[in-house]
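In what follows, a single structure is set out as structure tokens and then discussed.
The values are calculated or read from the model by the stated rules, or taken from the named source; none is laboratory data. Remember, it's a predicted structure, so these values are computed and weren't measured experimentally. Cβ: placed from backbone, ideal geometry, glycine included. Neighbour counts: every protein chain shown. Heads up: the accessible areas ignore ligands, DNA and RNA and are worked out on the full protein's heavy atoms, side chains in. Shrake-Rupley method; radii C 1.70, N 1.55, O 1.52, S 1.80 Å.
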Amino acid sequence: MARLWRSFAASLLALFLTAALWTGPAYAASDPAHWGDASAELWMVYHVVQRYHVNGADLDAFLEGAVRGGLDALGDPYTEYLGPQDYQSFLDSVDGNLTGIGVYLEKVGDYITIVRPIRSSPAEAAGLRAGDRIVAADGVSLVGESIEKTQQLVRGEPGTKVVLTIERPDEGRRFDVTITRAFIHVPQVDYRMLEDGIGYLELSGFGQQAAEEFFAAVAELKEAGATRLVLDLRYNSGGWVASALEIAEAYVPAGEPIMFEITRDERRVYRSEGSPLGLPTAVLVSEYTASAAEILAGAVQDYGTGVLIGTQTFGKGTVQELVDLPGGGAVKVTTAEYLTGRQRRVHQVGLTPDLVVEPYQPPVHLQTPLVADRVMTTGHVGLDVLGLQERLALLGYRTDRDGYFKGQTTLAVLQFARDHGLNEVPMVDKAFVEALNAAVAAKLAAAEWPDTQLEAAIRYLKEK
């Protein structure tokens, strides 16, 4: 292993030396003496730690930490070292082959946040949902850690279990959930016919087979009678740029630029070699639409071959390349920024939809746990009683809605208590409130809320 890391360090050194040569003499790191001094200092620090630290030092861990620290110092969250296992997991996930619990993740601040669980996955069966934060896995904190570190802990052999600590901000609570891992293959495309000749196609990623799946799905939808299309990119966080460019040719006239790529040394243009589908298209986007998905969405918007509906996209307009390393790992390094075909900047800006439509949110006050500073019973009046009544009504219990604890409210409280194994008395105490809040949270998570963005897309296409 030490030989592997020394080989890795030498390879990375050669990579950085090559990069330095591209920039000319003004780049101080191209000075061999500088590299000699830095290398000597690195080894001196290692030997000091090995000799004097109370726990000694492990060479492999020390060198890996040095490499990771050097990349972190760039201040670019998209440039990172991937060990052999992480590298293979990354490649598998891009192409839709997963072993784990089945969630799409993003890092929001210090928190690893679930974009959404994959359909029919262990995560979905366990009740995880969009917006949940994974704060620990098997007791190991993930606050401030990378997505790759999270994947390393959460993934594992099918049939094994992982205990996740979940923080659900909209409920103000943390809880543990045990999930059994499984093998999951995620098709890049999900499609179906809607109404009035409208086809629906959800593109969840840009794996190597994404373009093939996309065009096959479009052909089947057209054969089924589709004359208009909803293209859903709301939860598409990117993938291979080549796949996005190939699909974008369905919306960009031949010869027109799809994307400009700005590297340190040159400006490249990628032009369409295809022709537009000719189907009026509404593209659904959200804050989770990122990277390669923004290339496609930007192309549609640039050439007016469709409209964007939803909310502002994420704004990741940089391109990463993978440099293989001798030990089986890789460096994922940012090599360029891209602009849309109309030379619009996306990075840290995002795309503004043509039609801004916010997703439906259930009433905010019902998403907030009920807080009762007293034991409520028959005869009490107040806003806390009204909150009790509204939550009972959401759960399907017949109750008054006037803030008075009487009549139907008393009967509803008694029935809820029976249904949840509580004391069968008309009294709302701490145990009752905890059970009520848990039941409401489960109801909100499982409810089929209106998809206002999809509804807006359908309305738009019906008018075309």
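Listed values, structure above:
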{"read-out": "Failed condition for Glu358, given (1) assigned to a loop (DSSP other than H, G, I, E, B); (2) surrounded by 13 or more Cβ atoms within 10 Å (Cβ to Cβ)", "value": "(2)"}
{"read-out": "Residue match in the range 318-326 (condition: over 30 Å from Ala393 (Cβ atoms), at pLDDT below 90 and open to solvent by 30 Å² or more (accessible area, probe 1.4 Å))", "value": "yes"}
{"read-out": "Complete set of residues in the range 288-305 that are at pLDDT 95 or above and surrounded by fewer than 23 Cβ atoms within 10 Å (Cβ to Cβ)", "value": "Asp302, Tyr303, Gly304, Thr305"}
{"read-out": "Test: residue in the range 92-104 that is of a type in the set (A, V, I, L, M, F, W, C) and over 13 Å from the mean Cα position of the chain (by Cα)", "value": "yes"}
{"read-out": "Checking Phe314 against (1) touching a Lys or Arg at 6+ places or on another chain (Cβ under 9 Å); (2) in a loop (DSSP other than H, G, I, E, B); (3) among the hydrophobic types (A, V, I, L, M, F, W, C); (4) open to solvent by 10 Å² or more (accessible area, probe 1.4 Å), the condition it does not meet", "value": "(1)"}
{"read-out": "The range 193-208, subset of a type outside the set (Ser, Thr, Tyr) and assigned to a strand (DSSP E or B), residue surrounded by the most Cβ atoms within 10 Å (Cβ to Cβ)", "value": "Phe206"}
{"read-out": "Number of the condition not met by Val349 [criteria: (1) assigned to a loop (DSSP other than H, G, I, E, B); (2) open to solvent by 80 Å² or more (accessible area, probe 1.4 Å); (3) farther than 18 Å from Phe206 by Cβ; (4) in contact (Cβ under 8 Å) with a residue 24 or more places away in the chain]", "value": "(2)"}
{"read-out": "Among (1) over 30 Å from Asp429 (Cβ atoms); (2) modelled with pLDDT under 90; (3) among the polar types (S, T, N, Q), the one test that Gln348 misses", "value": "(2)"}
{"read-out": "Qualifying positions in the range 237-267 - in contact (Cβ under 8 Å) with a residue 60 or more places away in the chain and buried (at least 20 other Cβ atoms within 10 Å of the Cβ)", "value": "Ser237, Gly238, Gly239, Val241, Val252, Ile258, Met259"}
{"read-out": "Selected residue (only one of Asp302, Asp265 is farther than 19 Å from Gly239 by Cβ and in contact with a Gly (Cβ under 9 Å, 6 or more places away or on another chain))", "value": "Asp302"}
{"read-out": "Subset tally (residues that are within 37 Å of the chain's Cα centre (by Cα) and modelled with pLDDT under 90) for the range 364-393", "value": "8"}
